[in-house]
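Here the structure is laid out as structure tokens; the discussion comes afterwards.
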Ligand SMILES: [Ca+2]
Ligand SMILES: [Ca+2]
Ligand SMILES: [Ca+2]
């Protein structure tokens, strides 16, 4: 309407005409600024529809639909979101008229593919509603449930669920623990009888900050029932006694990817948050040390002996992965960041 009026005004000025009324033309078709588009997963673009003929009187709004919302989504402002790799058509509607735009969403390398390319030894995605313990790589998990219950809930995006870790309770003066036994299948390495070189990757979400959450408890082979890797009230994180020096790294109700790279043989410990290095410590642990080395049969995820597993709050974990070596900074970058839902309104 605006374009028509502007062009019409310009035309009238150019011709020095006024008062010419030849009657309004009706819309007989839809023209779109592009016949086809290609975009990446999570990327946005906008399509612009025009009436045919160009100077027709537009009396209603153009609307849009997608033939496959799982591939591409579109709203009535013509904004398009690449949702999953594939091809489909977007349809613009005006009355009974329609026009199609073919859309191709480029194939993306999935997180699972990235993990596998780097030789991951265990990967659990918590995406199977029928089996929370399912392994994508490695052995099934075992849920150790002293109280409450493990449940699957919505994760970082549609089709990506997470496991809710029930917090520990102390109903009769004795703590009831919840944790996950993770059978990593990694033999002793790094010059000892325990696992001394490894990388742990957690995709987690906290309902509140200002409390402790335990991510790991080396316990059964070490006799130390206190958790060993914590997210702390000051919003710093790390192994007990080896936390990031700065605070305020994370917020509540936000998805994060925490990565802990341990090489006891070299004496180097590195922490990443969303791919960014947050701490790099020298010589924190000796080979086979009780805190920094892992038992060769299984590890205890999210465990703690006295309620520091969330302190009344339930952590969510969208996935967990483990490597049998210390990933380099470049490899951590290759893993990419956690994919979260793009804020996109379809109306
Ligand atoms: Ca411990
Ligand atoms: Ca504790
Ligand atoms: Ca998941």
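A few notes on this one:
- Every listed requirement among (1) surrounded by fewer than 22 Cβ atoms within 10 Å (Cβ to Cβ); (2) under 21 Å from residue 160 (Cβ atoms); (3) in contact with a strand residue (DSSP E or B) (Cβ under 7 Å, 6 or more places away or on another chain) is met by residue 204 save one, (1).
- The stretch 262-285, subset modelled with pLDDT under 90 and within 16 Å of ligand 1 (Cβ to nearest atom), residue surrounded by the fewest Cβ atoms within 10 Å (Cβ to Cβ): 284
- The stretch 241-285 holds strands (runs of 3 or more DSSP E) entirely within its bounds, and those carrying 2 or more residues that are more than 24 Å from the chain's Cα centre (by Cα) map to 268-273, 276-282.
- Flag for residue 42 being at positive phi, within 31 Å of the chain's Cα centre (by Cα) and assigned to a loop (DSSP other than H, G, I, E, B): yes
- For the stretch 51-58, the count of residues that are assigned to a strand (DSSP E or B) and surrounded by 14 or more Cβ atoms within 10 Å (Cβ to Cβ) is nonzero.
- Single residue of 312, 307, 292 found to be assigned to a loop (DSSP other than H, G, I, E, B), buried (at least 22 other Cβ atoms within 10 Å of the Cβ) and in contact (Cβ under 8 Å) with a residue 40 or more places away in the chain: 292
- Filtered residue count, the stretch 148-197, keeping only those that are under 25 Å from residue 318 (Cα atoms) and within 16 Å of ligand 2 (Cβ to nearest atom): 8
- Reported count of residues in the stretch 213-239, each being more than 20 Å from residue 181 (Cα to Cα) and surrounded by fewer than 20 Cβ atoms within 10 Å (Cβ to Cβ), is 5.
- Residue 36 touching a residue at least 40 places away in the same chain (Cβ under 8 Å), surrounded by fewer than 14 Cβ atoms within 10 Å (Cβ to Cβ) and either farther than 30 Å from residue 333 by Cα or in the same structural domain as residue 157 (by TED's automatic domain parsing) (or both): yes
- Total residues in the stretch 144-156, condition part of a loop (DSSP other than H, G, I, E, B) and more than 16 Å from ligand 3 (Cβ to nearest atom): 4
- Filtered by the rule that a residue be farther than 19 Å from residue 57 by Cβ and at pLDDT below 95, the stretch 18-34 gives a lone residue, 18.
- Within the stretch 276-323, the set of residues being in contact with a strand residue (DSSP E or B) (Cβ under 7 Å, 6 or more places away or on another chain), more than 16 Å from ligand 2 (Cβ to nearest atom) and under 24 Å from residue 163 (Cα atoms) comprises 294, 298, 299, 314, 316, 317, 318, 319, 320, 321, 322, 323.
- Hey, residue 172 free of Cβ contacts under 8 Å to residues at least 12 places away in the same chain, on the phi < 0 side of the Ramachandran plot, surrounded by fewer than 16 Cβ atoms within 10 Å (Cβ to Cβ) and within 16 Å of ligand 3 (Cβ to nearest atom) or not: no
- Some residue of the stretch 71-78 being in the same structural domain as residue 27 (by TED's automatic domain parsing), more than 31 Å from the chain's Cα centre (by Cα) and touching a residue at least 24 places away in the same chain (Cβ under 8 Å): no
- Qualifying positions in the stretch 179-234 - closer than 13 Å to residue 290 by Cα and either within 16 Å of ligand 3 (Cβ to nearest atom) or part of a strand (DSSP E or B) (or both): 195, 216, 217, 229
The values are calculated or read from the model by the stated rules, or taken from the named source; none is laboratory data. Given the structure is predicted, the values throughout are model-derived calculations rather than measurements. Cβ sites come from the backbone with ideal geometry, for glycine too, and all protein chains shown count toward neighbours.
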